[in-house]
1. Give the peptides 130-138, 67-75, 99-107 in descending order of average Cβ contacts within 10 Å, highest first.
2. So between residue 93 and residue 67, what do we pick up on full extension, going 0.36 nm a residue minus the alpha carbon distance?
């Protein structure tokens, strides 16, 4: 992994760590989204259930779902977070969506793009990756700092404000 990629990953993780770890409000990660519904829009969805569960339990139970495969103009929405790509696979066991092909993750004005995006639903974070480390591909992030957060930092640094 080259230095720029490593620095980007460190910066991205630092910006998307849940606000509870900071002890303050962070505008990029607003609240824990675990309980918000996930909406999937695409051309085709295949839902796979665990083989030993079919016919023995109510299929609405969480444990029955194994994975979801979505193809064609995939859009996954949870609260203000929107992930898009050509294809996506969700694994119930890991709680992750893996999007490929023109993959992008947006929340508000902030975004990351890469060949592959991994959205960790249970951890309230996402990650962009290149398809091949050998090729000269790049991931891209556009982050808008929060004015409210900047003001809080200035107040703490200079002891001004309330």
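Throughout, read-outs are computed from the coordinates displayed, never taken from laboratory work. Since we're looking at a predicted model, the values are computed, not measured. Note that we place each Cβ from the backbone using ideal geometry, even for glycine, and neighbour counts take in every protein chain shown.
1. Per-residue mean Cβ counts within 10 Å order the peptides as 99-107, 67-75, 130-138.
2. 8.5 nm
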